[in-house]
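As structure tokens, the structure follows; a few thoughts come after it.
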Amino acid sequence: MITDIVHIDEKGIDFDSKELEKAASIIQSGGLVAFPTETVYGLGADAKNEEASAKIYAAKGRPSDNPLIVHIADISKLNEAAKEVNEMAKKLADAFWPGPLTLVLPKHDDIPYATTGGLDTVAVRYPSHPVAMALIKKSDRLIAAPSANASGRPSPTLASHVLEDLDGRIPMIIDGGQVGIGIESTIVDCTGEVPVILRPGFITPKMVKDVCGECTIDPGIIANDSSVKPKAPGMKYRHYAPKAPLTIVEGPKEKVVSYINSQLLSGKKVGIIATDETLGNYTGGKIISVGSCDDERSVAHNLYGALRQMDGLDVEVIYSESFETPGLGEAVMNRLLKAAGHQIIKV
């Protein structure tokens, strides 16, 4: 299969362009299209087409019990994905849609279990990215779309990342440039009495509490138990991993730097994920900064790109500083822990 790459500018989308027409036609015929969202690039297919959803799992090498997120581009379409939409979900949708929030609700009978990973619930999101919205509307379909990467690899924030993983496996990639946020959506389970965060993201627990009055965080976010059946994408299996083994080093910055510098004497080719503030404190190794400690959005934005860059630096081991910030720090650390297989050293 030849993978066609088309460029669509989010600032001047031509709804009747040949590129968008072709992408919509692929979705309508049961094929796959990778496209940008405000979080990461997604790999889309018709959410109501069982065979199309199966193609997503095959292209990614994704375990079949890892549910897909259904994307809509009109709030009225929520009732086509979910059988019931309670007041909690309506409040969160009103507050954060379109945007980087996914709601878990009882699935509509029209959504096949192949899309929900065998669950009676469905994860639904209304993305804010203009290209994503245009594709969903043009195809006139609910689009199931996990991240457009090979399973286990860092999620793609550029079309080139998608091509690196899925070239020859999918018919089309829409190149809309670099995404804005850089980490996946927050997932909130709305099937109980209290909203439960299943995956942290740009929408923080505080933001959810401000809308609903309360929320809890599912312990599965930090669990590393392969026997647990995931309620949402990203709760099971190793994710976001670079090719070299990754270790997170946690503690006071000066001790973190000292420990990582000591590992440079091991004789191995060492990669280091650092910040602008600590970049100059390392005595060797291949160093990539993910941004400033004072700008947590830059860390989230650059994280996956840094993990992928490490693959091109011929390193044998990677050490990353930890990123404990009050807002997005939890989401960033969730991704790093998954990427490291929960390998963490405290100094």
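Some points to look at:
- Scanning region 146-178 for residues that are under 17 Å from the mean Cα position of the chain (by Cα) and open to solvent by 40 Å² or more (accessible area, probe 1.4 Å) returns 151, 158, 160, 163, 164, 178.
- Top-ranked residue of region 217-272 - restricted to ones that are modelled with pLDDT under 95 and of a type in the set (Ser, Thr, Tyr), ranked as least open to solvent (accessible area, probe 1.4 Å): 240
- Residue that is open to solvent by 20 Å² or more (accessible area, probe 1.4 Å), of a type in the set (D, E, K, R) and over 11 Å from residue 135 (Cα atoms), where the choices are 18, 60, 22: 18
- Scanning region 76-93 for residues that are among the hydroxyl-bearing types (Ser, Thr, Tyr) and crowded, with 16+ Cβ neighbours inside 10 Å returns no hits.
- Scanning region 28-75 for residues that are of a type in the set (Lys, Arg) and modelled with pLDDT under 95 yields one hit, 62.
- Listed by first and then second residue, the pairs linking a residue in region 1-23 that is closer than 18 Å to residue 159 by Cα and among the β-branched types (Val, Ile, Thr) to a residue that is open to solvent by 70 Å² or more (accessible area, probe 1.4 Å) and part of a loop (DSSP other than H, G, I, E, B), with Cβ atoms under 7 Å apart and 6 or more places separating them unless they lie on different chains, are 3/167.
- Checking each residue in region 117-136 for being in contact with a strand residue (DSSP E or B) (Cβ under 6 Å, 6 or more places away or on another chain) and within 14 Å of residue 47 (Cα to Cα) picks out 121, 122, 123, 124, 125, 135, 136.
- Looking across region 291-328 at every residue that is open to solvent by less than 20 Å² (accessible area, probe 1.4 Å) and within 19 Å of residue 160 (Cα to Cα), the one that is modelled with the lowest pLDDT is identified as 300.
- Residue list for region 94-145, filter: in a loop (DSSP other than H, G, I, E, B), among the aliphatic types (A, V, I, L, M) and buried (at least 23 other Cβ atoms within 10 Å of the Cβ): 111, 142, 145
The values are calculated or read from the model by the stated rules, or taken from the named source; none is laboratory data. All figures in this text were calculated on a predicted structure; none of them were measured in a lab. Please note: Cβ atoms are built from the backbone with ideal geometry, for glycine as well, and neighbour counts cover all protein chains shown. Just so you know, the surface numbers come from the protein's heavy atoms only, side chains and all, with ligands and any DNA or RNA stripped out. Shrake-Rupley method; radii C 1.70, N 1.55, O 1.52, S 1.80 Å.
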